[in-house]
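The values are calculated or read from the model by the stated rules, or taken from the named source; none is laboratory data. Fair warning: this is a prediction, and the values are worked out from it, not measured in the lab. Methodologically, a virtual Cβ is constructed for each residue, glycine included, from the backbone with ideal geometry; neighbour enumeration extends over all protein chains shown. Keep in mind that these areas ignore ligands, DNA and RNA; they rest on the heavy atoms of the full protein, side chains included. Shrake-Rupley method; radii C 1.70, N 1.55, O 1.52, S 1.80 Å.
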Amino acid sequence: DTGHFLRQQFERLGRIPVFIAPGNHDPYVPDSLYQRIDWPANVTIFSEPCFQLASVAPGVSLWGAGHDGPALRRNLLDGFHVAGPGRHVLLFHGSDAHAVPEGKAAHAPFQADDVAATGAAFALLGHYHGARLFPPSSPQCGYPGTPEPLDFSEAGDHYLLRLEVTETGISPALVPFA
């Protein structure tokens, strides 16, 4: 039911693109929802743990990667470099190495410096449910968190992450939502 509901909502967007980067709890595997639903043409699902290019708008490129299993422990950014002119944004599910809770395994671990080393201007991230832009002085990465609480333990504010892409750069903003 959830998959069919999502399909209907994404279809309602018409030509507005939807990009999905599966994570460790929802990897792209043979029996996943990603393969069981006939998604509309505006939906792109990044099914591999290597970055694939998707054109978003003139001068803006999105590079996405997805988990193909529940335990992706390598840094997806290691050795990756964006190519071509314009602004480049990364989309993936990964653990900021400075924020991994003690006793927890890191999934696709990386550091903020790794994003800059790819040549990308910003990384849109999934994994942690709390919203955060970092580094604070000049954000290169951002977790929007969950737009709505997933359970009663997720108290506090929830957000969407909006990127404004201009000729001069990318400006991220956390927008209150819940």
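Observations, loosely collected:
- The set of residues from segment 35-60 being part of a strand (DSSP E or B) and either of a type outside the set (G, A, S) or over 20 Å from L13 (Cα atoms) (or both) comprises V43, T44, I45, Q52, L53, V56, V60.
- A Cβ distance below 8 Å, combined with a sequence gap of six or more or placement on separate chains, defines the contacts here; from segment 17-42, residues that are closer than 20 Å to A105 by Cβ reach residues that are among the acidic types (D, E) in the pairs P22/D68; P27/D68; Y28/E48; Y28/D68; V29/D68.
- Consider segment 29-54 and keep the residues that are farther than 17 Å from H4 by Cα and buried (at least 18 other Cβ atoms within 10 Å of the Cβ). The one that is nearest to the chain's Cα centre (by Cα) is F46.
- Yes/no for V100 being assigned to a loop (DSSP other than H, G, I, E, B) and of a type in the set (V, I, T): yes
- Qualifying residue in segment 62-85 (condition: of a type outside the set (A, V, I, L, M, F, W, C), over 20 Å from S47 (Cβ atoms) and surrounded by 17 or more Cβ atoms within 10 Å (Cβ to Cβ)): no
- Residue count for segment 110-130 satisfying the condition of being more than 23 Å from P147 (Cα to Cα) and in a loop (DSSP other than H, G, I, E, B): 4.
- Selection of segment 105-137 for residues being open to solvent by 50 Å² or more (accessible area, probe 1.4 Å), under 26 Å from P70 (Cβ atoms), of a type outside the set (K, R) and at pLDDT 90 or above yields only Q111.
- On the stretch given as segment 138-174, residues that are within 15 Å of H127 (Cα to Cα) and open to solvent by less than 70 Å² (accessible area, probe 1.4 Å) total 12.
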